[in-house]
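The next block holds one structure in the form of structure tokens; read it before the comments.
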Amino acid sequence: MKRYHGMVFGKVQKVGFRKFAKKNAAELHITGWVRNRRNGTVEFMAQGNEAHVKMFLKRLKNAPLPAKVTKLKISELANNSKHQRFKIMPTS
């Protein structure tokens, strides 16, 4: 199992990006969360099988229009999360 925290930069708010992330997480059996940040970025935490998490990150990077990801900043975390599903969290 791998666990990553990430920030997504670009045109990623008000374009369905969080729903896109949640849909892909469900398809790939990824747990965690995604939320908008007040600075215009999207933040996420994703945990799952290494191959599935890497595919999830690739899909986020190549999100469909009207989203436009310009940068994906990712850091690996210790695998100690107890998330049961992937959810959209309130803006922070």
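Throughout, read-outs are computed from the coordinates displayed, never taken from laboratory work. Bear in mind that the values here come from a model prediction, so they are computed numbers and not experimental data. No Cβ is skipped: glycine too gets one built from the backbone with ideal geometry, and neighbour counts run over all protein chains shown.
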Fill in the blank from the handout: Expected vector for the range 44-52, Karplus 3J(HN,Hα) from phi with 6.51, -1.76, 1.60 and θ = phi - 60°, integer Hz, x for Gly and Pro, equals 8, 10, 10, 9, x, 3, 3, 5, 5
Exercise for the section: In nm, give the distance between the simple-model label positions of Phe9 and Lys58, each being 7 Å from the Cα along the Cα-to-Cβ direction. Expected result: 2.4 nm
Problem - Farthest positive-ward along the chain dipole, Cα basis, beta-carbon charges - from Asn49, Leu28, Leu72 - result: Leu72
Completion exercise
The simple spin-label model distance between Lys23 and Arg37, using points 7 Å out along Cα→Cβ, in nm, is 2.5 nm
Practice task
Tabulate in residue order the Karplus-calculated ³J(HN,Hα) for the range 14-25, using 6.51 cos²θ - 1.76 cosθ + 1.60 with θ = phi - 60°, rounded to whole Hz; enter x for Gly and Pro.
Solution key: 6, 10, x, 5, 5, 5, 4, 5, 5, 4, 5, 4
Completion exercise
Given 25 °C, 0.890 mPa s and a Kirkwood radius over Cα pairs, the Stokes-Einstein diffusion coefficient of the range 1-76 in µm²/s is 204 µm²/s
Exercise for the section: May I ask you to evaluate 6.51 cos²θ - 1.76 cosθ + 1.60, the Karplus curve with θ = phi - 60°, for each residue of the range 65-79 and list the ³J(HN,Hα) values in order in whole Hz, giving x for glycine and proline? Expected result: 4, x, 5, 9, 7, 9, 7, 10, 9, 10, 9, 7, 10, 4, 8
Practice task
Identify the residues of the range 29-51 with backbone N under 20 Å of a label point that sits 7 angstrom from the Cα of Ser75 along the Cα-to-Cβ direction, or state none.
Solution key: 32-48
